[in-house]
Structures are given as structure tokens and as C-alpha cells.
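Worksheet for the structure shown next.
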Amino acid sequence: MSQQVNIPFPPHPNIQQPLTNLKTSSGNVVLDFYEADNQQVTLTGNATLAPVNATHAGLSKAIFVTGGGSSYTLTLPASWVPLGGLTSPITVAAGKCGILSVAVVGTNDASANTTQQVWASWIVQS
């Protein structure tokens with residue numbers, strides 16, 4: 001007769017992570033790819049996304065962007081690859097929200113000397 005054995009596993013770091021608040025922002029908004037996968041920012045002025053640690057294929061983020069009391073823009077890095085008609089800067093109307101999805105693609109093989117790419121897509125509330 002077989003017996004079921006439950007082996008506890010530590011939680012996967014990418015499952016049910018808390019939402020990291022990048023704060024209410026204008027100017028440079030630092031997006032750290034080593035922090036939580038889900039992040040949010042409320043724009044209070046025009047801002048520029050400043051990513052750090054986008055160094056390994058497979059890293060990804062969902063950034064929940066909310067417009068503050070007026071219409072503001074969020075400028076993406078010029079090196080990012082836009083998908084689905086995305087153009088930079090992104091305009092977020094007052095009180096509206098959107099989701100910016102980004103993923104690092106490429107190889108993790110350091111000997112290949114390959115530059116990582118960040119692909120980005122955007123969907124916004126109408």
C-alpha cells in the first residue's frame with residue numbers, strides 16, 4: 001500500500017508577491033528588476049522610467065501606472081523594444097490607469113556576449 005508524503009517546498013519568489021509601490025512620482029522613476037514583479041506608480045508629473053538590474057533573460061515586471069490629477073507622460077528607455085503599437089512617451093490621462101508589461105529576453109550565456117533586450121507592451125483604461 002502506497003502512502004502519500006507531503007514535502008513542504010519554500011514558496012516560489014514569483015508567486016503571489018506583494019505589490020511594490022514606486023510611490024507618487026515625477027522625474028526619474030527607478031524600476032529595479034530584482035524587486036517584486038508587480039509594481040505601481042502614481043504620476044504627479046511627467047516622468048522617465050529608469051530601469052536597473054535588467055540583466056537576465058526571464059526577468060519580467062507588471063507596472064500599474066495611475067494618472068494623478070492631470071494628464072502626464074511616462075517616457076520609456078529608448079533601447080526598449082515596443083510591442084503592439086506602443087510608443088514612448090506613454091500618456092496617462094487624469095484618474096486613468098494602465099499596465100506596462102516588460103520582459104527581459106535574450107540569453108543568459110555570458111560567453112555569448114549578447115546584449116539583453118527589454119520588450120514592453122502597454123494597455124490603458126479608456
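The values are calculated or read from the model by the stated rules, or taken from the named source; none is laboratory data. Everything numeric here is computed off the predicted structure, so don't read it as measured data. We place every Cβ from the backbone using ideal geometry, glycine too, and count neighbours over all the protein chains shown.
Right, Pro51: at pLDDT 90 or above, surrounded by 13 or more Cβ atoms within 10 Å (Cβ to Cβ) and either assigned to a loop (DSSP other than H, G, I, E, B) or within 12 Å of the chain's Cα centre (by Cα) (or both) or not? Give the derivation first.
Working: at pLDDT 90 or above: no; surrounded by 13 or more Cβ atoms within 10 Å (Cβ to Cβ): yes; either assigned to a loop (DSSP other than H, G, I, E, B) or within 12 Å of the chain's Cα centre (by Cα) (or both): yes.
Spelling it out, it is not the case that Pro51 is at pLDDT 90 or above, surrounded by 13 or more Cβ atoms within 10 Å (Cβ to Cβ) and either assigned to a loop (DSSP other than H, G, I, E, B) or within 12 Å of the chain's Cα centre (by Cα) (or both).
Residues that are within 13 Å of the chain's Cα centre (by Cα) and either modelled with pLDDT under 90 or crowded, with 17+ Cβ neighbours inside 10 Å (or both) within region 61-77 comprise Lys61, Ile63, Val65, Leu74, Leu76, listed in sequence order.
Inspect region 85-92 for any residue being in a strand (DSSP E or B), touching a Gly at 6+ places or on another chain (Cβ under 6 Å) and closer than 19 Å to Gln125 by Cβ and give the result as yes or no. So that I can check it myself, show each step before the final result.
Quick first cut of region 85-92, residues in a strand (DSSP E or B) only: 90-92.
If we keep only those that are touching a Gly at 6+ places or on another chain (Cβ under 6 Å) as well, we get 92.
Retained after the next criterion (residues that are closer than 19 Å to Gln125 by Cβ): 92.
Within region 85-92 (the criterion being in a strand (DSSP E or B), touching a Gly at 6+ places or on another chain (Cβ under 6 Å) and closer than 19 Å to Gln125 by Cβ), the answer is yes, since at least one residue qualifies.
Residues that are crowded, with 19+ Cβ neighbours inside 10 Å, touching a Leu at 6+ places or on another chain (Cβ under 7 Å) and in contact (Cβ under 8 Å) with a residue 12 or more places away in the chain do not occur anywhere in region 78-89.
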